[in-house]
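This report concerns only the one structure given below.
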């Protein structure tokens, strides 16, 4: 039986699972008897392929302790052999093809493609052969590393200290045949914003960004089936810092290019070293042309993609302004240099790219064009939202299109350079859209220092290999498979849950953008709920780490523990700083405790960094040195800045002094005793929160006792008397059976120290019995109906138009994306289109505000305004636009959501149905909130309303 593995994906660039148990017909890579099959590679093989085969040899030894021989010819009486070669450069493969034993038609013309096949009796005297045939050098390299990954060597074995689990033998499944090739031509990363972390580390370990450093970067890329690199450039020049850098890249099979603002294979810093005059083409064209000619000559006989165009130095706009005619001349002159240099081929066959980044996209939109053979590299907005993709006409260009994406960024409204903040669902949602709309030539992502971005790098490059294998479930499935690869299948579920917890948290708000008031400490228990989620995950991570063997400790800390615990530390620092300020305003004795706790979280962050730098005797020293606490604008602070805190002096000798407040109140008793700011709990509603709390606290340090009573029997208290040292929450709930229908009012009275006591007003609203009994679906309570978009029922999807659920995306953990196949027009009225349906129950009537929480996406073609429509019941649908407004862009990317607001008229109480109709491709709906009363301020919005199963 032939096994053709093309559709299922697994972690790290789609390695295949053909490892099997010993059995009849299985191929013995390392047999039970301790014999390792030799690796056969032709003497004509390229140096890069020889490197990869040597890596495979070492990987087999890492797993089994046995090192197979590398041979250039078939050994006599060989029973099992591995034959690795490149089509056109391997005599053994040529013989097999000529004899009709090996069919390579499926990969022969496929860029970077490879064939893996098990053959019986391929040559006389050879019982079995495991064939790796590459359509080109990289194809054979990828096939070799596919075996490494299959036998248990993670691509991150070096970069994240992932251990290799020992096995006594290695058998590969009989009759395996795999053909595979990438769907995106150039797939790579950009090392950027690399000081201080990566720079200090590379200086200490390698003496800088030299060939010894880049050898590990290149190997990682190849193991992840990538092939493209924009090198570190802040204070570095790849080809000039070490002449062996470019030589090694070409040898290993890495296609080099230069970043979006570094034309013609010359680094920005090379102009500082060798340039003459100003970096201005209008006044200094001859010196710039000579400078660029050197870049063309440098890569005349190496694989590279030439960046065209020009920006200002250090990644700024051109000093000449948005001069379209000047930039057109720049491109024309650069192409003339390339034509003069590459006389061995047509200019159209020299890979070239024009990156439409920031203001450069404006040149294109005002009519500037480049020749058809130049790749258009569209960009995101630096925060993961692609700004533009090819139209139907643009998709026919010979040079094709690509995307420059960001996992790291320096600039406004707030830099993010420290840690992974990108949920995989966001990457999938954006890049699947890019592929569908024709961006298939280059995918490159800014990964900053590389190290903190292991998970999204792996996902990005895996998806670039074949986006068609991915769907809305893939982000979650990939994470679990990736966790299994790094930590074993027994721990995969737990590890993936931890990874998802911190990435979704950071996806809601990047740590650098957190402020003490980001999450509400007053409303919906918001900050406390986030804290509880992070605390629970952190405790699980600590417990898991203790259970792991010593060999996993370093990799677990790097990939799971540090990003989770450090994310928690920054969040808790801000939360406790907010509590410190509130407690100071309310004169709580706990003010000082909150100051101490805040300082403790600041210290915790520093301790985690120090621990990271001490792993494996300082192997990663400096890698987490990026400042990330104390931002006040887009620039990072010079170091982590301790927060400003309040303290409170306490009387000596100790005295007792009661204070009383409620959630959401800025004031407190006794300060409000003669003001109009009465303490009042949020209104109780039948389907709402079951209890609310009154906080009784000490304004000094001596304990005291209190008494609490109610004015109505339907108000229930968790206790009626007690002792307070620091603070106590008194839970208030409602006995609904004792409460009549309608609005009822009561009071809670609290006495303690001093004269008088505090009064807290209580209001409860109960619907009529028949209204309660008939309620179903999402039910109004506490002044709103709040619904995750992914809870909507999907109706009327077609192959070309769909509402798609995407995991690991948005504030609720999953979201709904409006999907429209390229070149397939959406037709028909709203009623005939795909829609999401939400059953609702209202107790109130009137004109209600409704907020649609959308991802801050762009309509990626000129006529796409991210439109969608909604209708309540059988009312006419209302069309809204979700496209980003420039004035709201900064808030949208910091919040990672933008709200589109409308109104909805509810004429009668009872059951209703809300429908959301698909209209434009790319709308990502995260959440819907209908205001039936005043909504309290919060970052995430009200939590989900109760779902009552009586809905039909």
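The values are calculated or read from the model by the stated rules, or taken from the named source; none is laboratory data. Nothing here was measured: the structure is a model prediction, and the numbers come from that model. When we count neighbours, we look across all protein chains shown, and the Cβ atoms used for this are built from the backbone with ideal geometry, even at glycine.
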Practice item. With the checklist (1) out of contact with any strand residue (DSSP E or B) (no Cβ under 7 Å at 6 or more places or on another chain); (2) closer than 27 Å to residue 43 by Cβ in hand, flag the one item residue 155 doesn't pass. Key: (2)
Review point. Here are 391, 468, 441, 445: which of them is at pLDDT 95 or above, surrounded by fewer than 24 Cβ atoms within 10 Å (Cβ to Cβ) and part of a strand (DSSP E or B)?
Key: 441
Study note, to complete from the structure: Picking from 397, 366, the residue that is without any contact (Cβ under 8 Å) to a residue 40 or more places away in the chain and over 28 Å from residue 807 (Cβ atoms) would be 397
Check your understanding: Right, residue 28: more than 30 Å from residue 456 (Cβ to Cβ), at pLDDT 95 or above and touching a strand residue (DSSP E or B) at 6+ places or on another chain (Cβ under 8 Å) or not?
Key -> yes
Review point. Across the stretch 526-541, what is the number of residues that are out of contact with any helix residue (DSSP H, G or I) (no Cβ under 8 Å at 6 or more places or on another chain) and either closer than 24 Å to residue 456 by Cα or surrounded by fewer than 18 Cβ atoms within 10 Å (Cβ to Cβ) (or both)?
Key: 5
Practice item. Could you run through the stretch 768-819 and say how many residues are surrounded by 18 or more Cβ atoms within 10 Å (Cβ to Cβ), more than 19 Å from residue 926 (Cα to Cα) and either within 29 Å of the chain's Cα centre (by Cα) or without any contact (Cβ under 8 Å) to a residue 12 or more places away in the chain (or both)? Key: 0
**Study point:** residue 196 being touching a strand residue (DSSP E or B) at 6+ places or on another chain (Cβ under 8 Å) and either free of Cβ contacts under 8 Å to residues at least 60 places away in the same chain or more than 23 Å from residue 59 (Cβ to Cβ) (or both)
**Key:** no
Practice item. Could you pull out the residue among 706, 697 that is in contact (Cβ under 8 Å) with a residue 40 or more places away in the chain, under 16 Å from residue 759 (Cα atoms) and in contact with a helix residue (DSSP H, G or I) (Cβ under 9 Å, 6 or more places away or on another chain)? Key: 697
Revision key, fill the gap. Note on the stretch 625-668: residues closer than 30 Å to residue 613 by Cβ and loosely packed, with under 14 Cβ neighbours inside 10 Å are 632, 633, 635, 638, 639, 641, 642, 644
Practice item. With the checklist (1) over 27 Å from residue 307 (Cα atoms); (2) under 13 Å from the mean Cα position of the chain (by Cα) in hand, flag the one item residue 488 doesn't pass. Key: (2)
Exercise for review: Would you confirm whether any residue within the stretch 190-204 is in a helix (DSSP H, G or I), touching a helix residue (DSSP H, G or I) at 6+ places or on another chain (Cβ under 9 Å), at pLDDT 95 or above and assigned by TED's automatic domain parsing to the domain that holds residue 80?
Suggested key: no
Review point. Mind checking which residues of the stretch 549-572 are buried (at least 17 other Cβ atoms within 10 Å of the Cβ), over 20 Å from the mean Cα position of the chain (by Cα) and closer than 17 Å to residue 163 by Cα?
Key: 552, 553, 554
Point to revise | residue 860, sole failed condition from (1) buried (at least 19 other Cβ atoms within 10 Å of the Cβ); (2) more than 29 Å from the chain's Cα centre (by Cα); (3) in a loop (DSSP other than H, G, I, E, B) | key: (2)
Practice item. Quick one: residue 749 ticks every box in (1) within 22 Å of residue 928 (Cβ to Cβ); (2) surrounded by fewer than 16 Cβ atoms within 10 Å (Cβ to Cβ) except a single one, so which number is it? Key: (1)
Check your understanding: In the stretch 808-824, what residues are within 23 Å of residue 439 (Cα to Cα) and in contact with a helix residue (DSSP H, G or I) (Cβ under 6 Å, 6 or more places away or on another chain)?
Key -> 809, 816, 817, 822
Study note, to complete from the structure: Per the filter on the stretch 41-88, residues touching a residue at least 60 places away in the same chain (Cβ under 8 Å), touching a helix residue (DSSP H, G or I) at 6+ places or on another chain (Cβ under 6 Å) and either farther than 18 Å from residue 253 by Cα or in a strand (DSSP E or B) (or both) are 59, 84
Exercise for review: Test each condition in (1) in contact with a strand residue (DSSP E or B) (Cβ under 8 Å, 6 or more places away or on another chain); (2) modelled with pLDDT of 95 or more for residue 738 and report the one that comes out false.
Suggested key: (1)
Study note, to complete from the structure: Of the listed residues (583, 562, 502, 552), the one being in contact with a strand residue (DSSP E or B) (Cβ under 9 Å, 6 or more places away or on another chain) and in a helix (DSSP H, G or I) is 583
Exercise for review: Scan the strands (runs of 3 or more DSSP E) fully inside the stretch 650-724 and keep the ones with 3 or more residues being closer than 23 Å to residue 579 by Cα and at pLDDT 95 or above.
Suggested key: 658-662, 691-698
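Condition test on residue 168, is it surrounded by fewer than 24 Cβ atoms within 10 Å (Cβ to Cβ), assigned by TED's automatic domain parsing to the domain that holds residue 410, over 30 Å from the mean Cα position of the chain (by Cα) and more than 24 Å from residue 408 (Cβ to Cβ)?
No, not satisfied.
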Study note, to complete from the structure: Flagged in the stretch 3-25 as at pLDDT below 95 and surrounded by 19 or more Cβ atoms within 10 Å (Cβ to Cβ), in numbering order, are 9, 10, 11, 12, 13, 14, 15, 16
Study note, to complete from the structure: Per the filter on the stretch 595-623, residues closer than 13 Å to residue 570 by Cβ, touching a residue at least 40 places away in the same chain (Cβ under 8 Å) and in contact with a helix residue (DSSP H, G or I) (Cβ under 6 Å, 6 or more places away or on another chain) are 598, 602, 608
Check your understanding: Within the stretch 418-438, is there a residue that is buried (at least 21 other Cβ atoms within 10 Å of the Cβ) and in a strand (DSSP E or B)?
Key -> no
Check your understanding: Residue check: is residue 929 modelled with pLDDT of 95 or more and surrounded by 17 or more Cβ atoms within 10 Å (Cβ to Cβ)?
Key -> yes
Check your understanding: Quick one: is residue 265 at positive phi and in contact with a strand residue (DSSP E or B) (Cβ under 9 Å, 6 or more places away or on another chain)?
Key -> yes
Review point. Within the stretch 761-775, can one find any residue that is at positive phi and in contact with a strand residue (DSSP E or B) (Cβ under 7 Å, 6 or more places away or on another chain)?
Key: no
